[in-house]
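Everything below concerns the one structure shown next.
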Amino acid sequence: MYNTALRIVGNEEEAEDVLQESFLAAFKMLSSYRGDASFGAWLKRIVVNKSINKVKKLQPMQSVDDQSEVAGHYEWPEEGNREVDVTSIKEGILQLPDGFRSVLTLYLLEGYDHVEISEILGISVSTSKSQYNRAKKKLREIVERQVNYG
């Protein structure tokens, strides 16, 4: 749960706060747990929502215009492709702007689809898709910079 919060808020102290707030909220709302999903999934949803709320409080979410065209699928080029370790990718994710990091984390790491992300973040589905594609491109640039300039 801590890693989920950290990936969304991008700050260790804030992630710790989110985790504490989430456990308190879960304890208070325990009577509302109906067992429709596993307890872990229910708790994770609380952590995700608290994390998103924390990001919104700390900084208005950077989003793209809803009318913008969704970027095409971005492929990593084969030539010059170097091995990248997981640590570089994690560090790169933390360097993404809040909006990009939130959408990328929810889609790629937490497994939500763009419809669910649009509902969670209060953005359109096309904005979610656009931010996801732009986040992937930006993450690639960050990681390449780290690999090339160490």
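The values are calculated or read from the model by the stated rules, or taken from the named source; none is laboratory data. Only a predicted model underlies this, so the values are computations on that prediction, with no experimental measurement involved. Note: ideal-geometry Cβ built from the backbone for every residue, glycine included; neighbour counts use all protein chains shown. These accessible areas exclude ligands, DNA and RNA; they are computed on the full protein's heavy atoms, side chains included. Shrake-Rupley method; radii C 1.70, N 1.55, O 1.52, S 1.80 Å.
Does GLU119 satisfy being modelled with pLDDT under 90 and closer than 17 Å to ILE8 by Cβ? The answer is yes for GLU119. For region 87-150, which fully contained helices (runs of 4 or more DSSP H) count at least 2 residues that are touching a Lys or Arg at 6+ places or on another chain (Cβ under 8 Å)? Where helices (runs of 4 or more DSSP H) fall fully within region 87-150 and carry at least 2 residues being touching a Lys or Arg at 6+ places or on another chain (Cβ under 8 Å), they are 98-104, 125-149.
Filter region 37-50 for residues that are exposed (fewer than 13 other Cβ atoms within 10 Å of the Cβ) and either of a type in the set (Val, Ile, Thr) or out of contact with any Phe, Trp or Tyr (no Cβ under 8 Å at 6 or more places or on another chain) (or both) and give the result. Passing the criteria: ALA37, SER38, GLY40, ALA41. Consider only pairs whose beta carbons are under 7 Å apart and that are at least six residues apart or on different chains; among these, list those whose first residue lies in region 28-45 and is without any contact (Cβ under 8 Å) to a residue 24 or more places away in the chain and whose second residue is open to solvent by less than 60 Å² (accessible area, probe 1.4 Å). If the second residue must be open to solvent by less than 60 Å² (accessible area, probe 1.4 Å), the pairs left are TYR33/TRP42.
Only one of these is at pLDDT 90 or above and over 20 Å from THR4 (Cα atoms): ARG101, ARG145, ARG134. Name it. Write out each step before concluding.
Numbers: ARG101 fails: over 20 Å from THR4 (Cα atoms); ARG145 fails: at pLDDT 90 or above.
Matching residue, one of ARG101, ARG145, ARG134: ARG134.
Has region 11-23 got at least one residue that is within 28 Å of LEU94 (Cα to Cα), of a type in the set (S, T, N, Q), in a helix (DSSP H, G or I) and open to solvent by less than 80 Å² (accessible area, probe 1.4 Å)? Yes - at least one qualifying residue is present in region 11-23. Report yes if SER124 is surrounded by fewer than 19 Cβ atoms within 10 Å (Cβ to Cβ) and either touching a Ser or Thr at 6+ places or on another chain (Cβ under 6 Å) or not acidic (Asp, Glu) (or both), otherwise no. The answer is yes for SER124.
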